[in-house]
Every structure is written in C-alpha cells, then in structure tokens.
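Working notes, structure below.
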Amino acid sequence: VGTVVHLALEQLSLLEHLPVSCQGADLDRWKMALRRLGLCGESLQQAVDAVAHNVDTALADPQGRWILSSQHVSAHSEYAVSCTGSAGRVMDLVIDRTFVDRASGDCWIVDYKTSRPQPDDALQGFLAREAEHYREQLLSYRDALAQLGAATIRCALYFSAIGEFYELSLEA
C-alpha cells in the first residue's frame, strides 16, 4: 500500500490542478500496480481501498494539497539524489517530496507515511515516536540537499492516512 500511495502522490504532484478526490481511472491504475506487487483477491481490494483512503485524505487536507501543489519552485517527487555521507561514503537517496515554498523561500523535505496511531495511542505520542524513528533519515535528506546548495531547509513527515503534517526540529 505504501509503495502505491507514494506512486499516487507523485502522479498527483505533476497535475496543474489537483482533483477533489481520486477518480475511477486512478483506482484502476492503482489496482494494477498492486496486482504487480503480488496482491489478489480480498487483500487486493483492501489495499485499493487503503490507497484510495490515503489519497482522498491528502486531497481533502489543505496541508496535503499544499504539499502536492505543482506551483512550488524546484518541486520534485521521488527525487533521487546522491551525496557524500559521513566517512566520505556515497549515499543514494530518494526523497518523497521536496520543493521551495514561494511565500517563505524555505526548502521543504516531506517524507510520506501511511502509518497511523493505534486506537488507544495518543496522536502526539505517536507523532513524536515516528519523528524520532525517522530523524536520521530526514537528516540524511537535509544534508544531501544542503550539499546541492539549498539554504533554509525544513523537514516534515506527512501522514496521508490521517492528514497529519508534523514538522521535525533537526537542530543538533
């Protein structure tokens, strides 16, 4: 589901005008992608429903629409970059979404997540744990874009299943 949600969000980010919700042709395309990933039967339909839910949630959320907007400067989805990591090792990375916000001039790195808190889990606790879990990954992304010349870089996780945007503080 996560792989196809990433694909769907990438496709949406290329559109000049975002739809209000996913369309029938989108569902067919995502179903085919899920089939290619080995799903069939009831698990296939559950996965299609999950992808549609994630996409519809992002499209209904103003923050999700902002992330997906094609109107940003230097916008890229599934952006492949290579950089030199610690100890001089070359790292190949793929950044889910990056762009420069026209209003602030800040470069944003957004990492998509399809996870959601468990029913008995407080939202803020869930977000904090996820942020800690993905902190090093986002630091690598930030460092890669800094090597490419990006100035002010801000990082966030976007939880497409629940429409939550969570900015991380990556200060030392």
Exercise. So, of the residues in the stretch 80-101 that are in contact with a Cys (Cβ under 9 Å, 6 or more places away or on another chain) and surrounded by 15 or more Cβ atoms within 10 Å (Cβ to Cβ), which turns out to be nearest to Arg29 (Cα to Cα)?
Worked result: Thr98
Exercise. Here are some residues: Ala144, Ala161. Which one is in contact with a strand residue (DSSP E or B) (Cβ under 7 Å, 6 or more places away or on another chain) and crowded, with 17+ Cβ neighbours inside 10 Å?
Worked result: Ala144
For this session: Only residues in the stretch 116-140 that are surrounded by fewer than 15 Cβ atoms within 10 Å (Cβ to Cβ) and part of a helix (DSSP H, G or I) count as the first member; pair them with residues that are hydroxyl-bearing (Ser, Thr, Tyr) and at pLDDT 95 or above, Cβ under 7 angstrom, at least 6 apart or cross-chain, and list the lot.
Result: none
Exercise. Within the stretch 8-25, can you find the residues that are open to solvent by 60 Å² or more (accessible area, probe 1.4 Å) and touching a residue at least 60 places away in the same chain (Cβ under 8 Å)?
Worked result: Leu14
For this session: Give the stretch 102-114 a look and list any residue that's modelled with pLDDT under 95 and either surrounded by 17 or more Cβ atoms within 10 Å (Cβ to Cβ) or among the basic types (Lys, Arg) (or both), or say none.
Result: Arg102
Problem set entry | Single unsatisfied condition, Asp106 versus (1) of a type in the set (D, E, K, R); (2) without any contact (Cβ under 8 Å) to a residue 24 or more places away in the chain; (3) touching a Ser or Thr at 6+ places or on another chain (Cβ under 6 Å) | (2)
Exercise. Is it the case that some residue within the stretch 85-95 is over 25 Å from Val4 (Cβ atoms), in contact (Cβ under 8 Å) with a residue 24 or more places away in the chain, part of a loop (DSSP other than H, G, I, E, B) and among the basic types (Lys, Arg)?
Worked result: no
For this session: Have a look at Asp61, Asp26 and point out the one that is more than 13 Å from the chain's Cα centre (by Cα), charged (D, E, K, R) and closer than 23 Å to Cys155 by Cβ.
Result: Asp61
Seminar exercise, completed: The condition from (1) open to solvent by 80 Å² or more (accessible area, probe 1.4 Å); (2) within 21 Å of Arg97 (Cα to Cα); (3) among the hydrophobic types (A, V, I, L, M, F, W, C) that Cys40 misses is numbered (2)
Exercise. Somewhere in the stretch 141-149, is a residue part of a strand (DSSP E or B) and in contact (Cβ under 8 Å) with a residue 60 or more places away in the chain?
Worked result: no
Exercise. Out of all the residues in the stretch 48-57, is one or more over 20 Å from Ser140 (Cβ atoms), surrounded by 15 or more Cβ atoms within 10 Å (Cβ to Cβ) and either among the hydroxyl-bearing types (Ser, Thr, Tyr) or more than 17 Å from the chain's Cα centre (by Cα) (or both)?
Worked result: yes
Exercise. From the list Ser69, Ser77, which one is in contact (Cβ under 8 Å) with a residue 40 or more places away in the chain, in contact with a helix residue (DSSP H, G or I) (Cβ under 7 Å, 6 or more places away or on another chain), open to solvent by less than 60 Å² (accessible area, probe 1.4 Å) and among the small types (Gly, Ala, Ser)?
Worked result: Ser77
Exercise. Looking only at the stretch 26-57, which residues are touching a residue at least 24 places away in the same chain (Cβ under 8 Å) and touching a Phe, Trp or Tyr at 6+ places or on another chain (Cβ under 7 Å)?
Worked result: Val51
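The values are calculated or read from the model by the stated rules, or taken from the named source; none is laboratory data. Note that the coordinates shown come from a computational prediction; the quantities given were computed from them, not determined experimentally. Positions of Cβ are generated from backbone atoms using ideal geometry, with glycine treated the same way; all protein chains shown enter the neighbour counts. Note: accessible area is taken over every heavy atom of the protein model, side chains too, but ligands, DNA and RNA are not part of it. Shrake-Rupley method; radii C 1.70, N 1.55, O 1.52, S 1.80 Å.
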